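Reviewing the structure listed below.
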Amino acid sequence: MSNDPGKLIIISGPSGSGKSTIVAKLLETCPLPLVVSVSATTRPPRPGEVHGEHYWFLSPEEFQAKRSRGEFLECKEVFGRGFWYGTLKEAVSSGLSAGKWVILEIDVQGALAVLDYDPEVITIFIDPGSMDQLEKRLRDRGTDSQDAIQRRLQVAREEMGLKHHYRHSVINDRVDEAVAQVCRLLCQYDSRIDKQP
Ligand code: 5GP
């Protein structure tokens, strides 16, 4: 079983689509050997976020040094807020070589860049349902100003327009159902199932 090669998975979706919750619950409930790749970012940590667990929090200089050494599989400035985010090649390759299924929780532009590099990557788009529902979720979250919510909704509209680049799309109406659906989808790629009598 340990000889099974790992797989690369991208889970994207607009801010407020619930993708982080889905990924966290997937790790708890899905029987596949899933791990999440820890990205690097120049955004400051939010309360409770841990260096090396949620992100590698880097200074702009540290980030650019890694970038110029070619250490990122993809990286970009997200939301035009001046913060950089990037997927570290090392985080991906160490997971894959250990036979893990490595999840990248990244934005749509990052997903398109990774697809260029590896068209075989399993891509899943978390669809928030309707824009009304997304707006309600962002408001209920209570972390953003009215302006920020409008900006996120605009980005969300653009991201929804790129949904067709993904192999799968899952509507997050009810979170437990969405988690179960993502897990079922991923299990279809598990060659170990074919080996069972
Ligand atoms: P947040 O600041 O809320 O943690 O994340 C903001 C956005 O950046 C989210 O859409 C998240 O998916 C995206 N993101 C996180 N890590 C990466 C990464 O390594 N690469 C790219 N392209 N986007 C990322």
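A few notes on this one:
- Out-of-range pairs (alpha-carbon distance over 32 Å; input Lys89/Lys136; Lys7/Lys66; Lys100/Lys136): Lys89/Lys136; Lys100/Lys136
- Segment 72-146: relative contact order in percent, alpha carbon pairs under 8 Å with at least 6 residues between: 20
- Coarse-grained scattering of segment 115-197 at q = 0.13 Å⁻¹, given as base-10 log I(q)/I(0) from a Debye sum over alpha-carbon atoms: -0.56
- With the highest mean first, a sort of the peptides 107-117, 61-71, 15-25 on other beta-carbon atoms found within 10 angstrom per residue produces 15-25, 107-117, 61-71.
- Among the trypsin sites (Lys or Arg not before Pro) within segment 124-197, those in coil by DSSP and having at most 15 neighbouring Cβ atoms inside 10 Å are Arg167, Arg174.
- Segment 98-171 versus segment 70-94: alpha-carbon centroid distance in Å: 16
- Each Cα pair under 8 Å and six or more residues apart adds its separation to the average, and for the chain the resulting relative contact order is 33 percent.
- Surface/4 of the Cα convex hull for segment 7-185, nm²: 10.1
- DSSP assigns beta bridges within segment 1-101; of those with both partners inside it, close to 60 percent run antiparallel.
- Bridges between two residues of the chain, per DSSP, are antiparallel at a rate of about 30%.
- Each Cα pair under 8 Å and six or more residues apart adds its separation to the average, and for segment 31-87 the resulting relative contact order is 37 percent.
- Bridgeable aspartates and glutamates around Lys25 (alpha carbons under 13 Å apart, same-chain partners fewer than 8 residues away excluded): Asp176, Glu177.
- Cross-link reach is defined here as a Cα-Cα straight distance under 16 Å, omitting same-chain residues fewer than 8 places apart; for Lys163 the lysines meeting it are Lys19.
- Set of aspartates and glutamates with alpha-carbon distance to Lys76 below 13 Å, sequence-local pairs under 8 removed: Asp107
The numbers here are math on the coordinates, done by the rules we state, and not lab data. None of these values were measured; they are calculated from a predicted model. Note: ideal-geometry Cβ built from the backbone for every residue, glycine included; neighbour counts use all protein chains shown.
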